[in-house]
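Structure record follows, encoded as structure tokens.
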Ligand code: ASP
């Protein structure tokens, strides 16, 4: 037998028991006549003690063991004289009677501690060692429980989990596809799904009524900390539903998950129109853990001789509460430089400090007297001691820049509190987005999203300009500034779907070739339907206040899309290439 107990199980009540434990050697310490070893497994750490006087050979053997060796010990549970209150097993230790070395270990390339000295790539290369560390291990356990809670809840609501294929057809759904060559159909390729979108819609036509799947999706995009080329969605679809019912169903799921996993009761989620989110926060995923809403100053700041503002389409700012005295000229200079970095690209930054004596200090004090600045402060609801930060320029760009500044101030002022969760629904997204560069419309969500009922006529009969103002039954769930989920009511009418493909620049033939199966299905009684998908990895991270999703993925890829452990992607040999009728390597030579 390898063990009677795991390394997290024994307590003072077990004193005197003969036990067998197996695990990894976390650390060992020699003190004169005693050798102590911390033995670790998934469940915890138990202290072993080897008494040299009693058993010389055993202690000697123990002293030679390196970190991460795998051992089995037999011994007796004893009360510790020197208790460790930080460990559930801290009241006891095992007085070892016999020791087996099950496997020795090389010295690990980084420490197996909560705070490790290993860099990202090294940790990913030796992921099996990294997963031995508590933060990664706990993240994976959290993920597993979250998946189980999701399944439980959705299944209770009559959702059926259906697996959809992984080898599908390449379709333009926003990002680039990963493709897989077909050996049996030379010159033809499968694509890995960016989402099971069309399949779940077809399942609604098929009468499944409520579908979900915790499913891998693949997008060949440039990577960031919160993006991976393969990621997991909680993908859902419902038939005979309105947007209202979908929002309620998935608000309930979210509340259930927070309650079950974190013991948190979330209040009802506020809703905000997309246009309003942009106007008030410059972002379609505002972080509502703090206020600092945008205030527009066009009416109060134009026409006073300050050319920059006079020529600006939009003058807009935020009020940083209580920051007037905290910010020296040098601090403001640094903040301005931060805003001027190419990533943000602001031209400048105007400040107005509301002094405690009722006067004002401002970088544009030459152009605006205190009387005028007072009207600004009033519009911001600013109190003495506050500082206004103002940007100007082309409206859309300026709002984006101010969003960055708002978030930076939120961080600096410590307003993004850990353990504080502020979900909201952003609704009424535009249906289409005009892309100046390619001179065509893109679907803001995806090509299957329905316009709002009130906009259907305008969509079928309107001119080019009208198309820009169409609103969709599309919604995002945002928590603490992260987009956690997104979905829409779908078009279920063949003609409207064709019109949408038209607007998106598909010829009839292209639409037929790529989506003929869906258009075909729509001719056999497609029910009204809609759905949503949650980013499962991101949900895990956000629920734990983390910005990176990597620790919630057992074997993540690095920023180059590389799996450092198995070293993928990698070349394949000529025999495989020949079988696939791919001549890549031959051409190169
Ligand atoms: N398929 C969509 C996505 O992956 C979600 C949805 O519309 O249900 O973003």
Q | Exclusive hit being under 18 Å from residue 201 (Cα atoms), surrounded by 15 or more Cβ atoms within 10 Å (Cβ to Cβ) and at pLDDT 95 or above, set 501, 534 | A | 534
Q: Give, as residue ranges, the helices (runs of 4 or more DSSP H) completely inside region 279-372 that count at least 3 residues that are touching a strand residue (DSSP E or B) at 6+ places or on another chain (Cβ under 6 Å).
A: none
Q) Cβ-Cβ below 9 Å, separation at least six or inter-chain, first residue in region 477-489 and closer than 30 Å to residue 414 by Cβ and assigned to a strand (DSSP E or B), second at pLDDT below 95 and within 11 Å of the ligand (Cβ to nearest atom): which pairs? A) 486/445
Q.
Could you go through region 442-457 and let me know if any residue there is on the phi > 0 side of the Ramachandran plot and either part of a loop (DSSP other than H, G, I, E, B) or within 14 Å of the ligand (Cβ to nearest atom) (or both).
A. no
Q: Find all pairs meeting these conditions: Cβ atoms under 6 angstrom apart; at least six residues apart or on different chains; first residue within region 234-246 and touching a residue at least 40 places away in the same chain (Cβ under 8 Å) and more than 10 Å from residue 487 (Cα to Cα); second residue assigned to a helix (DSSP H, G or I) and more than 10 Å from the ligand (Cβ to nearest atom).
A: 234/150; 234/536; 239/204
(Q) For region 56-85, which positions are over 30 Å from residue 141 (Cα atoms) and without any contact (Cβ under 8 Å) to a residue 24 or more places away in the chain? (A) 56, 57, 60, 64, 81, 82
**Q.** Checking residue 74 against (1) within 42 Å of the chain's Cα centre (by Cα); (2) at pLDDT 95 or above, the condition it does not meet
**A.** (1)
Q) How many of the residues making up region 434-481 are surrounded by 17 or more Cβ atoms within 10 Å (Cβ to Cβ) and out of contact with any strand residue (DSSP E or B) (no Cβ under 7 Å at 6 or more places or on another chain)? A) 3
**Q.** Failed item in (1) within 25 Å of residue 137 (Cα to Cα); (2) touching a strand residue (DSSP E or B) at 6+ places or on another chain (Cβ under 9 Å); (3) at pLDDT 95 or above, with residue 95 passing the rest
**A.** (1)
Q | Criterion (surrounded by 14 or more Cβ atoms within 10 Å (Cβ to Cβ) and closer than 18 Å to residue 85 by Cα) met by exactly one of 21, 58, 25, 39 | A | 39
Q: Restricting attention to region 548-576, report how many residues are under 18 Å from residue 145 (Cα atoms) and either within 16 Å of the ligand (Cβ to nearest atom) or part of a helix (DSSP H, G or I) (or both).
A: 4
Q: Hey, can you tell me all the residues within region 111-168 that are surrounded by fewer than 17 Cβ atoms within 10 Å (Cβ to Cβ), in a helix (DSSP H, G or I) and over 22 Å from the mean Cα position of the chain (by Cα)?
A: 122, 128, 152, 155, 156
Q) In region 232-271, what count of residues is obtained for those that are under 17 Å from residue 534 (Cα atoms) and within 14 Å of the ligand (Cβ to nearest atom)? A) 13
Q. Restricting the search to region 274-303, which residues are without any contact (Cβ under 8 Å) to a residue 12 or more places away in the chain and either at positive phi or surrounded by 22 or more Cβ atoms within 10 Å (Cβ to Cβ) (or both)?
A. 303
Q | Contacts under 6 angstrom Cβ, first residue in region 148-177 being more than 26 Å from residue 249 (Cα to Cα), partner part of a helix (DSSP H, G or I), 6 or more apart | A | 171/514
Q) How many residues are in contact with a helix residue (DSSP H, G or I) (Cβ under 7 Å, 6 or more places away or on another chain) and within 16 Å of the ligand (Cβ to nearest atom) if we restrict to region 494-514? A) 1
Q.
Pairs needed: first member in region 192-211, within 13 Å of the ligand (Cβ to nearest atom); second member anywhere, modelled with pLDDT under 95 and assigned to a strand (DSSP E or B); C-beta distance under 6 Å; at least 6 residues apart or different chains.
A. 194/173; 194/175
Q: Tally the residues that are surrounded by fewer than 19 Cβ atoms within 10 Å (Cβ to Cβ) and either under 21 Å from residue 357 (Cα atoms) or in contact (Cβ under 8 Å) with a residue 40 or more places away in the chain (or both), restricting the search to region 304-313.
A: 5
Q. From 525, 545, 505, which residue is within 30 Å of residue 130 (Cα to Cα) and in a loop (DSSP other than H, G, I, E, B)?
A. 545
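The values are calculated or read from the model by the stated rules, or taken from the named source; none is laboratory data. Note that the structure is predicted; figures quoted are calculated from it, not measured. Glycine also receives a Cβ, built like all others from the backbone with ideal geometry; neighbour counts cover every protein chain displayed.
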